[in-house]
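The structure appears right after this line, and notes come after that.
Readers should treat all values here as calculations from the given coordinates under stated rules, not as data from a laboratory. As the structure is a prediction and not an experimental result, all values here were calculated from the model. Reconstructed Cβ throughout: ideal geometry from the backbone, glycine too, with neighbour counts over all protein chains shown.
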Amino acid sequence: MKELIKGLREFKKSFYCTHIDLYEELAQGQHPMALIVCCADSRVGPELLTNAEPGEIFVIRNAGNIIPPYGATNGGEGASIEYAVEALGIRDIVICGHSHCGAMKGLLKLNTLEEKMPLVYNWLKHAEATRLLIKENYTHLEGEELLNATIAENVLTQIENLKTYPSIHSKLYDGTLKIYAWIYDMDRGEVWAYDAEKHAYIPPHAQLPEDELDPDLLTDAPITCEIPAGSAASAASSKSSSTNTSNTWYVNSASSSSGNSDGSSAGALNGNGASNGTGAGNGASKGVTSAPPAASETSSSGASRGAHWFPRTRLSPEQQDRIYRGSGSR
């Protein structure tokens, strides 16, 4: 508590005092540009991730970034969603999952939670469609790879749940609302956005119309960070000596049979974290390299960077919809 109180004083002395005009304006009302639904995990801060100032984003947080289907519960998620689009006029909604999600770990062992944490168990039941999809379609994965597939698919499941709300359905129909699926990879400080045409997570800026792209957004290469020499050497040593590939995943790592024979990558990462390809491009599906680079590839700073990924969905939206509607929790 002492640290929190110190933080309050620091906020007043520094940020508030240099943004008095902003707070005077916010006292008259809010006009956020987007709604972000994200996990309650203390390691995830949507305002920090998006560099948003107070008043710029409306946020819903809960364990697992879950949106119960309309009518499934009278919880605050539905009311907050309705308020965001009807009262605040928000026209962009983001569902944001994240790596190492404890809620998704719990979902994968749901039955073990019922006795010890019954409230958590009941809450995660709202993600039963995700659990069933993973159980029936990702039997070849295990461990951390299975967890990341769960994280990726859960974001898409929650978007389907979001579409069951009347106010959302209506605005999607008339084209005044857009929904985005993001995943925050906290190991690398990167955010990936789902592209429905490619069934893949790609750099978020690749989904922007060309007339909205600023010059500093025109590169797919992620921003690199300076790593102290000692830390870089330690990271390189620990990763290069390990043969465990569970921590080396690649964005859009999938069979190239679904695209062009040239094997060109659509927004895929290479081993250094640089992005190959053009992201969303014109919507045409490019072949994606099926063979990932070696886990020991290093960045210019000398630190080995296993490029974390979140797999493209293995099911079409129609297949997902059938699973969603047939879920036992509905």
Using only Cα atoms, what is the ratio of the radius of gyration of the stretch 92-193 to 2.2 N^0.38 Å? 1.17
The stretch 96-155 and the stretch 24-64: distance between their alpha carbon centers, rounded to Å: 25
In order through the stretch 23-32: 3J(HN,Hα) via Karplus (6.51 cos²θ - 1.76 cosθ + 1.60), integer Hz, x for Gly, Pro: 5, 5, 5, 5, 5, 8, x, 10, 9, x
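Kirkwood hydrodynamic radius of the stretch 1-120 from all distinct Cα pairs, in Å?
This gives a value of 16.8 Å.
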Hey, fewest Cβ within 10 Å first, where do Ile151, Ile90, Ile5 land in order? Ile5, Ile90, Ile151
When Thr150, Thr112, Thr130 are arranged by how many other beta-carbons sit within 10 Å of their Cβ, fewest first, they go Thr112, Thr150, Thr130
